[in-house]
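Here the structure is laid out as structure tokens; the discussion comes afterwards.
The values are calculated or read from the model by the stated rules, or taken from the named source; none is laboratory data. These numbers come from a predicted model, not from an experiment. When we count neighbours, we look across all protein chains shown, and the Cβ atoms used for this are built from the backbone with ideal geometry, even at glycine. Areas reflect the complete protein model, heavy atoms only, side chains present, ligands, DNA and RNA absent. Shrake-Rupley method; radii C 1.70, N 1.55, O 1.52, S 1.80 Å.
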Amino acid sequence: MYLLRNLCITAFFGTVSLFIVQPAKASLITFDDLASGQTSFGFDGDGDKIDDVIFTTTNPLGFNISGPGLNQVFVNEPGLEGTSLLDPDLKVDFLKGAKDFLSFGFALDSFEGSNTFAAFNLFDSNGNSLASTQELGVLGTSDFPEGKIQLNFSGVAAYGTLNFSSNFGRYIIDNFEGNFGSTEVVTSVPESATILGSGIALVFGALFHKRKRK
Ligand SMILES: [Ca+2]
Ligand SMILES: [Ca+2]
Ligand SMILES: [Ca+2]
């Protein structure tokens, strides 16, 4: 009887801890395995060999991996570098959707000014606009204007377009962060909760055992 009750309590607390879902943790795309000349770059967050996020350009010359060089605030080369002469210059598809927020750093081959900016537009699967933002590049610790785009939104984003404007026609982005629906949401058994559950079960079990003996 004692053993059965103890087992039931252990099972109960074990089940409770199983349903604790860890908070969403964002994924970071570093572009460290991008090769120069590619016209698309895929990110496979969950390692199932199917890309979850794909960046593409219509420029047949493709991307480069290095831009302004040392001392950048928001870019750690390699990054994704390309022409800013198109509109948009870059498209990003979220094959499993993106949620809550997206952010990335950028640098522009340009002087500072009102024509030195990065713009980001986000759409759902029906092509409806979810959110958009535009940031001026400003001189920091490198020789090139830089900035960081941060876009918070509700709903599920299917794709985004990026447009850059710079005097000398080039941009670079890096550290593209977001919840892409692949590796971020993890349902698991947090160790501390399981240990706590087992501990409580043991204490309860011991109490029942004592009472029965009395
Ligand atoms: Ca990088
Ligand atoms: Ca995948
Ligand atoms: Ca452009």
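Just checking, which of THR83, THR133, THR57 is over 27 Å from THR183 (Cα atoms) and of a type in the set (Val, Ile, Thr)?
THR83
Report whether or not PHE168 is more than 21 Å from the chain's Cα centre (by Cα), among the aromatic types (Phe, Trp, Tyr), open to solvent by 60 Å² or more (accessible area, probe 1.4 Å) and at pLDDT 95 or above.
So PHE168 passes the test.
Determine the pairs where a residue that is closer than 15 Å to THR133 by Cα, located within segment 99-117, has a partner that is buried (at least 22 other Cβ atoms within 10 Å of the Cβ) and charged (D, E, K, R) with Cβ atoms under 6 Å apart, the partner being 6 or more residues away or on another chain.
Once the first residue is closer than 15 Å to THR133 by Cα and sits in segment 99-117, its partners that are buried (at least 22 other Cβ atoms within 10 Å of the Cβ) and charged (D, E, K, R) give GLY105/ASP174.
Quick test for you: out of LEU61, LEU70, LEU4, pick the one residue that is over 23 Å from the mean Cα position of the chain (by Cα) and modelled with pLDDT under 55. Talk me through it step by step, then tell me what you get.
Details: LEU61 fails: modelled with pLDDT under 55; LEU70 fails: modelled with pLDDT under 55.
Exactly one residue qualifies, and that residue is LEU4.
Every residue, every condition in (1) assigned to a loop (DSSP other than H, G, I, E, B); (2) at pLDDT 95 or above, yes or no:
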site	(1), (2)
ASP48	yes, no
PHE74	yes, yes
PRO78	yes, yes
GLU81	no, yes
SER110	yes, yes
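Filter segment 9-40 down to residues that are at pLDDT below 95, open to solvent by 80 Å² or more (accessible area, probe 1.4 Å) and either outside any loop (DSSP other than H, G, I, E, B) or of a type in the set (Val, Ile, Thr) (or both), then give me how many there are.
3
Going by the conditions given, is ASP44 more than 16 Å from ligand 3 (Cβ to nearest atom) and farther than 20 Å from SER142 by Cα?
Answer is yes for this residue.
Go through segment 41-62 and count every residue that is away from ligand 2 (no atom under 15 Å from the Cβ) and either surrounded by fewer than 12 Cβ atoms within 10 Å (Cβ to Cβ) or of a type in the set (Ser, Thr, Tyr) (or both).
Total satisfying the criteria: 5.
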